[in-house]
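Written out below as structure tokens is the structure these notes cover.
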Amino acid sequence: MSSQASYAKLHPGPGWPREQAASHQRARIHAAMIELVSERGYGAVTVRELVRMAGVSTGTFYEHFADKDACFLRTYGLIVRRSTKQVGAAQKGCHDWRERLRLALRAWAEG
């Protein structure tokens, strides 16, 4: 996916609780951060590009994150937590340490 991509926005109107809309905005910002950093590296990413790609306003970005660093760190934390869950689930029920290691490494690499 290129940096020209845009993430689907929720349509305004009744039916979307505030927290659900905010969660959707954060998810789009995280997805944009992952994509932009993977394409160009952290240093080249700007808040302007993040909000454009995520389809949110600059004000909305700053409602969720103090700055680009805070956004990156929260995005990184989400990735680490998701990977940890995947690795744990992959080896669940396996008692042989060698097989557990193989399963864990495979889940980590695929994630």
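A few comments on the model shown:
- Comparing mean-square fluctuations of 88, 15, 55 from a GNM of the chain with C-alpha springs under 10 Å, the top value falls on 15.
- The chain: mean projected area of Cα convex hull, nm²: 8.9
- Loop trypsin sites (Lys or Arg not before Pro), the range 60-98 (other Cβ atoms within 10 Å of the site Cβ: 12 or fewer; DSSP): 92
- The fraction of Cα-Cα pairs per 10 angstrom bin, counted from 0 for the range 38-85, comes to 23, 52, 24, 1 percent, rounded to whole percents.
- Note on the chain: with a GNM built from Cα contacts shorter than 10 Å, the maximum mean-square fluctuation among 36, 78, 101 falls on 101.
Computed from the coordinates by the stated procedures, all read-outs in this text should not be read as laboratory data. Given the structure is predicted, the values throughout are model-derived calculations rather than measurements. Counting neighbours? That spans all protein chains shown, and the Cβs are built from the backbone with ideal geometry, glycine included.
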